[in-house]
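These notes concern the structure reproduced below.
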Amino acid sequence: MELIKNLSQTKLIKSVLVVILGSIALTISAKIKIPFYPVPMTMQTFVVLFLGVSLGYKIGLASIGLYLFEGILGLPVFSNSPEKGVGLIYFTGPTMGYLIGFLTAGYLASKVNNKDSLLLILAKLTIATSTIYMLGLLWLGTLIGWDKPIIALGAQPFLLAEIFKVVLLALITKQILKIRNFI
């Protein structure tokens, strides 16, 4: 009985550490801006998908949820914080739909498995990423008005970078899954 209790505690501690590391990775990915045309690219969506693929939906979503919670509490974890504000005020700004979309994308990315072909992996990751943009555009339109060019403002500038990130992750997903299944 003591052995089972120790194993459970060890697994819990390991899970908590992985959740924290996932949140840190997401924070770092939000802060690093890579020059890309037409707008700089962060690797946030890549890391969100990576967390789903590599950690599965429970730990992946816990990492993303912790990241969002940290941001809501006022820690400067989001891409343009603290320059554009922090906490709940920043969270409920124009990017809230995208940030909430991280949860759906992480969950859907966790559904990729070793038996999937490269084409199916690409499709699943594309659908996962699309949910970020669907929720983001819905919130953006609600916030700034549907009479504005919502797609041109909230999706079009980022599409080329998203294609790059999805293809990159799709190409390395089989290796990630081998490591995940090994651990």
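Read-outs: derived from the displayed coordinates by stated rules, not from any lab. The model shown is predicted, which means the values in this text are computed figures rather than measured ones. Cβ sites come from the backbone with ideal geometry, for glycine too, and all protein chains shown count toward neighbours.
Straight Cα distances below 21 angstrom link Lys111 to the lysines Lys58, Lys124, Lys165, Lys174, Lys178, with same-chain residues fewer than 8 positions distant left out. With the contact rule set at Cα under 8 Å and sequence spacing of 6 or more, what percent relative contact order holds for the range 39-182? Relative contact order comes out at 30 percent. Taking Cα atoms only, the orientation of helix 159-182 departs from the longest principal axis of the chain by about 0 degrees. Rounded to the nearest 20, the Cβ-based charge dipole of the chain about its Cα centre (Lys and Arg +1, Asp and Glu -1) stands at 540 debye.
For helix 2-31, what angle does its Cα long axis make with the longest principal axis of the chain, in degrees from 0 to 90 and rounded to 10? The helix 2-31 is inclined about 20 degrees to the chain. A Gaussian network model of the chain, with springs between Cα atoms under 10 Å, assigns the largest mean-square fluctuation among Ser54, Ser23, Ser81 to Ser81. Under a 5 Å amide H cut-off, with hydrogens placed 1.01 Å from N, Met41 pairs with Ile34, Phe36 among residues at least 5 apart or on other chains. Pick from Phe78, Phe36, Phe46: which residue has the top mean-square fluctuation in a GNM of the chain where Cα pairs under 10 Å get a spring? Of Phe78, Phe36, Phe46, the most mobile in the Gaussian network model is Phe36.
The C-alpha atoms of the chain define a longest principal axis, and helix 118-144 lies at about 50 degrees to it.
Ranking Leu177, Gly145, Ile100 by Cα position along the charge dipole of the range 39-182, where only Lys, Arg, Asp and Glu carry charges on their C-beta atoms, puts Leu177 farthest toward the positive end.
Which chymotrypsin sites (Phe, Trp or Tyr not before Pro) from the range 124-172 combine a DSSP loop assignment with at most 13 other Cβ atoms within 10 Å? Please report the intermediate quantities before stating the final value.
Numbers: sites: Tyr133, Trp139, Trp146, Phe158, Phe164; in loops: Trp146.
Hits after loop and neighbour filter: Trp146.
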